[in-house]
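Nothing in this text is a laboratory measurement; each read-out follows from the coordinates by a stated rule. These numbers were taken from a predicted model, which means no experiment stands behind them. Note that each Cβ is placed from the backbone with ideal geometry, even for glycine, and that neighbours are counted across all protein chains shown.
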Amino acid sequence: MASSSPSAARSPSELKKEGGKWLRALRERRGLSQKELAGLVSVQNSVFISQLENGRVRIPPERYDVWAEAYGLPAYEFVKALMSFYDPITHRLLFGANAVLEDLTGELSTDTAIISGHVNDRYIDALYRLLGRKTAELEILQETLASAQSSRLKNF
């Protein structure tokens, strides 16, 4: 099992590089070139995007919402994931050492899978928990249906 913290035994520069890879994956998932992304976030040229994706620079916090929109993600999920790279200590304090990125409804979303690529073990654990909840719900529905069918048969 992986460490309970995405920042364990990683230097800040390693985390920034990992964050850059994550941002590149988000851009590629949207089918955007670096130049197209630069236009969406009002960056003068794609050099900044290249530097960002190589972990040399950071997205300015006052622009997080613009970047989240460009990547097609809810700002909350985007910033929560980004904090795990840029400010892992604050991320751990706010969301816990075993924080799994979930959408605001508490269910794992498709975008969460992309966001949480750097916390695979925790994401898998969360999937198992979700599967367990859904399996229990299904069993209750099956019992209710069987009971209803049995009652109907007795009435005939």
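Quick notes on this one:
- Close Cβ contacts (under 7 Å, 6 or more residues apart or on different chains) running from residues in region 65-76 that are at negative phi to residues that are assigned to a loop (DSSP other than H, G, I, E, B) and among the β-branched types (Val, Ile, Thr) comprise Val66/Val41; Trp67/Val41; Trp67/Ile59; Ala70/Val41.
- Region 55-67 - residue that is outside any helix (DSSP H, G or I) and surrounded by 16 or more Cβ atoms within 10 Å (Cβ to Cβ) and, of those, farthest from the chain's Cα centre (by Cα): Gly55
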